[in-house]
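Each remark here refers to the structure printed beneath this line.
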Amino acid sequence: MKIKAIGALSAAQALEPMDISRREPGPHDVQIAIAYCGVCHSDVHQARAEWAGTLFPCVPGHEIVGRVAAVGSDVTGYKEGDLVGVGCIVDSCKHCEDCEEGLENYCDHMVGTYNGPTADAPGHTLGGYSQQIVVHERYVLRIKHPEDQLAAVAPLLCAGITTYSPLRHWQVGPGKKVGVVGIGGLGHMGIKIAHAMGAHVVAFTTSESKREAAKALGADEVVVSRNPEEMQAHTKSFDFILNTVAAPHNLDAFTALLKRDGTMTLVGAPATPHPSPEVFSLIMKRRSIAGSMIGGIPETQEMLDFCAEHGIVADIEMIRADEINEAWERMIKGDVKYRFVIDSATLAE
């Protein structure tokens with residue numbers, strides 16, 4: 001089946017309209033008519049080959065929401081017309097320890113929604129900057145938000161779960177002091193979710209201009225990280241810090257703010273490494289620097305249900321498909337509050 005999409009033919013070229021093909025739904029497949037797709041920083045890194053192993057043509061997009069258009073003969077959990085989402089995962093081995101524990105995101109054979117191996121033409125997965133997608137039912141998620149919020153739900157499929165998973169894993173909740181570093185696509189979700197979990201939330205930003213915006217998102221306090229006095233005031237006080245910044249920076253300024261046994265988890269993925277952290281800062285207070293990647297399918301469903309229950313969606317700016325190149329340039333500059341979402345209906349035009 002031929003459909004319209006937007007993708008890159010090489011790392012050096014702008015995104016352009018293209019026709020791609022999707023398989024007919026197999027027995028366990030769900031065919032989804034895509035309504036909206038969020039625009040993630042990973043899309044740029046992959047399509048511009050800033051991350052290794054990019055396969056072309058590259059059709060990015062892993063923050064997908066829409067309606068079920070058809071289901072395979074053995075699908076029982078979904079029916080035509082259901083509101084559903086697809087995140088960063090469309091396949092995994094299904095039988096390793098990680099998959100059996102619902103942590104498909106850590107499976108060594110996890111297949112990404114784009115640029116992953118598949119039997120379908122052209123031999124690698126093509127993502128959500130397109131009109132339709134066909135996905136095995138295991139990797140499809142149910143959306144319980146009201147339909148008029150659907151576009152703003154899309155970024156939850158990556159930015160939402162990327163921040164929810166570590167907040168849940170490190171048991172953030174009432175009585176915990178939590179920092180969120182960076183107020184972008186990931187950070188703005190981290191603030192909303194940590195606030196809804198009942199933590200005392202402190203947002204860190206390099207720009208004074210974001211102070212009021214961070215408070216509006218749910219931060220109890222805001223620290224301008226370039227201000228040494230503001231940083232000093234929080235020394236040895238955090239249970240947990242979620243660092244969403246995707247550019248290399250000095251981690252020591254933040255580890256110094258952790259209590260004994262505190263953890264800073266990195267979810268931003270820089271194209272080049274951070275400067276090596278000061279080991280004594282970790283040793284002297286048994287502090288940890290950790291990493292976390294998206295979340296498994298059960299936890300992603302849990303996150304969607306949590307966000308529906310608490311009325312949480314992303315703050316978005318809707319764009320037409322033909323505005324994608326301009327949107328990428330703006331996103332790289334941080335000129336979006338806080339996530340672009342493509343209106344997939346405009347692909348047909």
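Would you give the gap between the C-alpha center of the range 10-45 and the C-alpha center of the range 174-219, rounded to a whole Å? Here the answer is 31 Å between Cα centres.
Legend: calculated FRET efficiency, residue 335 to residue 13, from the Cβ-Cβ distance at R0 = 25 Å, rounded to 0.05, equals 0.65. Looking at the chain alone, DSSP beta bridges between its own residues are antiparallel in about 55 percent of cases. For the range 160-291, the tally of Lys pairs with Cα-Cα distances below 16 Å comes to 12, considering only residues 8 or more apart or on different chains. A convex hull fitted to the Cα coordinates of the range 152-309 yields 110 cubic angstrom per residue.
Distant-in-sequence amide contacts of residue 124, defined by a placed amide H-H separation under 5 Å and a gap of 5 or more residues or a different chain, comprise 118. Annotation: average projected area of the range 117-229 is 10.2 square nanometres, based on the convex hull of Cα atoms across all directions. Computed from the Cβ-Cβ distance with R0 of 35 Å, the FRET efficiency linking residue 73 to residue 290 stands at 0.20.
Going by accessible surface with a 1.4 Å probe and the largest first, 41, 124 read 41, 124.
When 339, 320, 226 are compared by accessible surface with a 1.4 Å probe, the order from highest to lowest is 226, 320, 339. Taking amide H as placed 1.01 Å from N in the peptide plane, residue 251 has no amide H partner under 5 Å among residues 5 or more places away or on another chain. When the chain is treated as a Gaussian network with alpha carbon springs shorter than 10 Å, the biggest mean-square fluctuation among 92, 207, 292 belongs to 207.
A simple spin-label model places the labels of residue 121 and residue 326 3.4 nm from each other, with each point 7 Å out along Cα-to-Cβ. Applying the Karplus relation 6.51 cos²θ - 1.76 cosθ + 1.60 with θ = phi - 60° to the range 272-280 yields 3J(HN,Hα) values of 10, x, 5, x, 4, x, 6, 5, 4 Hz, where x marks Gly and Pro.
Remark: relative contact order (the range 189-250) = 27 percent; criterion is Cα-Cα distance under 8 angstrom and separation of 6 or more residues. One equal scatterer on each Cα of the range 52-120, no solvent, Debye formula: the resulting log10 I(q)/I(0) at q = 0.12, 0.14, 0.16, 0.26 Å⁻¹ is -0.41, -0.56, -0.72, -1.18.
Given R₀ = 30 Å, FRET efficiency for residue 2-residue 169 by Cβ-Cβ distance, to 0.05?
The value I calculate is 0.10.
The values are calculated or read from the model by the stated rules, or taken from the named source; none is laboratory data. Only a predicted model underlies this, so the values are computations on that prediction, with no experimental measurement involved. Don't worry about glycine lacking a Cβ; one is built from the backbone with ideal geometry, like all the others, and counts go over all protein chains shown. Calculation scope for accessible area: heavy atoms of the full protein, side chains included, ligands and nucleic acids excluded. Shrake-Rupley method; radii C 1.70, N 1.55, O 1.52, S 1.80 Å.
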